[in-house]
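Report on one structure; see the data block that follows.
Each reported figure results from applying straightforward, stated rules to the coordinates on display, with no laboratory input. As the structure is a prediction and not an experimental result, all values here were calculated from the model. Please note: Cβ atoms are built from the backbone with ideal geometry, for glycine as well, and neighbour counts cover all protein chains shown.
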Amino acid sequence: MNPVVVCPETNDLFRTLKERGLELVRCDSYAEARGKTSDGDAVLLLADGYPEKSTAFPADAVADALCGERRLFVEYPQSVPAFGLMCPQQASWERCVVASDVFGEAASQGRILKFHACSHVSAKAAKTHLALARVAGFDTAVYGLPKDAHALLFEHELCPDLLVATTKLSQFVAGRHGPQKAWSAIWIWILKWLSPDLDVPELVWDASVRPTLQRDAEVGDAAERSALIRGAEWFGKARLFVHAGWGDGTPRAANGMPDGVGSGPGGDRKKVGDGSLGMIEGASSEIKHDGLQAWRYGLRFDCMGEASMALALAAKLVDKPEWGKIAANLNSFLYETSHFADGARADRASQSYGLVCWTGNDAAHGVYYGDDNARALLGSLAAAATLGEDRWNTRLTACLLGNLRTTGPQGFRGNRLEDDTLQEKGWRHYWETDRTNFAPHYESWLWACFLVAYEITGFEPFLERAEKGIRMTMEAYPDKWRWTNGMQQERARMLLPLAWLVRVRDTDEHRGWLRKMGTELLGFQDACGAIREEVGKTGTGSYGPPKDNASYGVSEAPLLQQNGDPVCDLLYTTNFALVGLHEAAAATGDELFKEGESRLAQFLCRIQVLSQDHPELDGAWFRAFDYKKWDYWGSNADLGWGVWSIESGWTQAWITSVLAMRQKNTNLWDTVRSVDLKPGFSELADFMFSQEL
C-alpha cells in the first residue's frame with residue numbers, strides 16, 4: 001500500500017502529493033498509522049510542532065523500526081535510538097548541502113539548497129545525504145563540507161528501516177525552499193526509499209513568492225505600466241512609513257533589534273504613516289521558517305530621498321495624489337524636521353553645513369557618503385520638480401555646495417567623511433588637497449549632480465571638478481579601478497555622469513567614453529535582458545567572494561562565487577544600469593543604449609515579485625536573480641544585504657522611477673534641471689566658499 005503519513009492536512013508534502021494525484025492515507029498519530037499498516041509498510045512521521053517543539057518518537061515506532069516491521073521516516077525527532085535526547089538548535093549562516101550522490105543530477109553531491117532559518121536537532125551520521133554547514137559557493141560548496149557539518153537527512157546504521165531528518169523538510173512551500181527541481185528529486189528519493197514500488201510523480205508547486213512572468217513572456221506597454229504601479233504600491237503594502245503608533249517611532253537595537261533588524265509588519269506596525277515621520281529601509285535577507293522576512297527598521301536619508309522621487313513620478317502618472325503627499329512629507333522630514341540635516345549641518349558657519357548624514361542613528365556624529373548624498377539629492381530634486389515644490393530648494397542647494405566644497409581639485413571626494421574630522425580639518429582642507437579615488441560606486445553620481453547643478457546655475461566649479469574626475473577615471477579604466485562588490489556595478493555607475501557630460505559638453509571624446517562603457521556593460525547582457533555580474537581582478541576590489549568556508553557571511557560580498565555564475569544584482573548594478581542606459585539613450589539616441597534599456601526593463605517587469613501569501617513582498621524586487629534557474633538565488637554571503645533583501649531606495653525607487661519615466665517619455669536630466677536653484681544661489685555660494693569660514 002501507499003505510505004501512511006502522520007501530519008496535519010495543511011502539511012505541504014501531503015497537499016502537494018495529493019494535488020499531483022498521489023493519495024496518501026493521513027493519520028493524526030503514529031498509533032493510528034500503526035493500526036492502518038502491516039509488516040513492511042511505510043510511515044512518515046512529520047514534524048507538526050516545528051520549530052518550537054520537536055517530534056515525539058513513540059516507543060512502538062522505535063520498536064517497529066528496530067525489528068523491521070515498518071519502514072519509517074521521522075522529522076525533527078526528540079530522540080533517536082543510539083543518539084538519545086536531541087536538543088533543537090537554530091542555524092545562523094549554515095546552509096543545506098547535498099552530502100551524497102543518491103538523489104541524481106537534479107540534486108548532485110555538493111549542491112547547495114535554499115532552506116531558511118533551519119532549526120535542527122544535532123546529529124552526525126555515516127550515511128548522511130543532506131548536511132547543514134557554513135559553506136561558501138554559488139550553486140555548490142566550492143571548498144567542500146567542513147568537519148563540523150551536521151546531518152540533516154541520514155539513514156540510521158543500527159536501524160536500516162529508519163530514515164531520519166533532523167529538521168522539517170516537508171515545509172518546502174511555506175518555507176520557500178529551492179531550487180524546486182532539487183527538492184522534488186529529494187522527496188522522490190525519500191518516498192521510493194520508503195516504498196520502492198511506489199510510482200512517485202515529479203513534485204511541482206506554485207512557489208509562495210515567485211517572479212511575475214516567465215522568461216519568454218511578452219512584455220508590452222501595459223505590463224510596464226502595471227510593474228511601475230505595483231512598484232509604487234509596494235512602499236505602502238510593506239508598511240515602510242513610520243507611524244506614531246509604533247511607539248518610539250524608530251525601532252532600533254535598543255528595542256532588541258541588532259543592526260535595526262526585526263520582525264516584519266505586524267502588531268503595532270500594521271499601522272502605516274504618511275511619510276511625515278520618515279520611512280524605514282526595507283526588507284532584510286533573513287527569511288523565517290514560515291517564509292516571513294525580517295525588516296530593516298533603520299531610517300536612511302538616501303532611501304527616503306530616492307523613494308520620494310518614485311512616489312512623486314507615479315503619483316502624477318496614475319493620478320494618486322496621496323502618493324505625492326507622502327513624497328512631499330518625506331522631503332520635509334529630511335530637510336526640515338528630522339536630525340538628518342539639523343545641528344551642525346543646518347549652521348551656516350559650520351564646516352559641514354549643507355551635508356546630510358547617512359542614517360538617523362549617526363546624526364550625532366555625522367557620516368557623509370558622497371554617493372548617498374548624490375542619490376538622495378537626485379531623488380529629492382526629481383520629486384520637487386514633479387510636485388512643483390520649491391520649499392526645499394535652499395537646503396538642496398546647500399547640499400550640492402557642501403559636497404562640492406569637500407571635493408578635491410581633481411574631482412574626488414573619497415568614500416566617506418565624518419563630521420568630527422571635517423570640523424577639525426575644515427572644508428577647505430578637502431577642497432585644496434589632491435586625492436584620487438577611482439571608485440565610481442562612491443564618486444560618480446556626485447559628478448552627475450555637479451553636472452546638472454552647473455546646467456541650472458552656471459557655477460563653473462561644478463563643471464570643472466566633475467569633468468576632471470570623469471576624465472581621470474576613464475583614463476584609469478580598467479586596471480586602476482577599485483571595485484566594491486563587483487566590476488559591473490562600477491561600469492553601471494559611470495553611465496549616468498557620462499551621459500550627462502554629453503549633455504553639457506557634447507564632444508566625440510565624451511560620446512566615445514559613454515559608448516565604451518555601455519558596450520563593456522552590455523557585453524554581459526543575456527538574451528532575456530539580465531546583466532550578469534562580474535568581479536574584477538584579485539586585489540583591486542573591496543569585497544570579493546569568500547576565500548574559504550569560514551569567510552562566508554563575515555563582510556559585504558558579491559552574489560557570485562566566480563565569474564560566469566548566472567546572477568544579476570539589483571542592489572548594486574542592474575538598478576543603476578537601467579537609469580544609466582535610459583539617460584544615455586536620451587542624451588545620444590544611440591540604438592545600443594535604447595535596445596539595452598528596453599531588454600533590461602522588460603526583464604525587470606518579468607522578475608518583479610508576485611505573492612498572494614506575502615502581500616508585503618508583492619511588487620518588490622529582491623537583490624538577486626538567477627536568470628538560468630529563473631529564481632531569486634545567489635551566494636548569500638553578504639553580511640547585511642543578502643540575496644533576498646529589498647532596498648527601498650537603491651533598488652525599488654530607481655526601477656520604479658525609470659519605468660515611470662519610460663511611460664511619460666521623459667528622462668531624469670530634463671526633470672531635475674527644471675528645478676530653479678538660481679534664486680539666492682550666488683549669495684549662498686559666495687558665503688560657503690568665503691575665506692572667512
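Each residue of the range 558-565 was assigned a 3J(HN,Hα) from its phi angle through the Karplus expression (A = 6.51, B = -1.76, C = 1.60, θ = phi - 60°), giving x, 7, 9, 9, 8, 4, x, 4 Hz with x at Gly and Pro. Helical content alone sets the calculated 222 nm signal of the chain at -11500 deg cm²/dmol, taking -39,500 (n - 2.57) per DSSP H segment of four or more residues and averaging over every residue.
Distance cut-off 29 Å, Cα to Cα: go down the list LYS114/LYS271; LYS181/LYS237; LYS270/LYS664; LYS271/LYS320; LYS53/LYS114; LYS147/LYS288 and report the pairs above it. From the list (LYS114/LYS271; LYS181/LYS237; LYS270/LYS664; LYS271/LYS320; LYS53/LYS114; LYS147/LYS288), the Cα-Cα distance tops 29 Å for LYS114/LYS271; LYS181/LYS237; LYS270/LYS664.
Across the range 421-497, the fraction of Cα-Cα pairs farther apart than 21 Å, rounded to a whole number, is 35%. Pairs of C-alpha atoms in the chain farther apart than 50 Å represent 19 percent of all such pairs.
Could you put TYR297, TYR143 in order, starting from the residue whose Cβ has the fewest other Cβ atoms within 10 Å?
Listing TYR297, TYR143 from fewest to most nearby Cβ atoms yields TYR143, TYR297.
Fewest-first ordering of ARG471, ARG395, ARG491 by other beta carbons within 10 Å of each residue's beta carbon gives ARG471, ARG395, ARG491.
Once a ≥ b ≥ c are taken as the square roots of the eigenvalues of the Cα gyration tensor of the range 300-438, is the result rounded (a/c under 1.5), prolate (a/b larger than b/c) or oblate (a/b not larger than b/c)? Prolate. A straight Cα-to-Cα reach below 23 Å connects LYS36 with the lysines LYS18, LYS192, residues fewer than 8 places away in its own chain not being considered. Projecting the Cα atoms of HIS120, ALA182, TYR76 onto the charge dipole of the range 4-194, computed from C-beta unit charges around the Cα centre, puts ALA182 farthest toward the positive end. Amide H contacts of GLY298 (H built 1.01 Å from N, in plane; Pro and chain starts excluded): GLU281 sit under 5 Å, all sequence-distant by 5 or more or on other chains. Close amide H pairs (under 5 Å, H built 1.01 Å from N) link VAL25 with VAL5, residues at least 5 positions away or on another chain. What separates the Cα centres of the range 408-486 and the range 51-91 is a distance of 62 Å.
The C-alpha atoms of the chain define a longest principal axis, and helix 440-457 lies at about 40 degrees to it. Debye-formula intensities of the range 4-194, expressed as log10 I(q)/I(0) at q = 0.09, 0.13 Å⁻¹, are -0.29, -0.63 (one equal scatterer per alpha-carbon, no solvent).
Taking all Cα pairs closer than 8 Å and separated by 6 or more residues, the relative contact order of the range 4-194 comes to 21 percent. Taking every alpha-carbon pair under 8 Å whose residues sit at least 6 apart, the chain reaches a relative contact order of 13 percent. In terms of other Cβ atoms within 10 Å, VAL204, VAL5, VAL318 run from fewest to most in the order VAL204, VAL318, VAL5.
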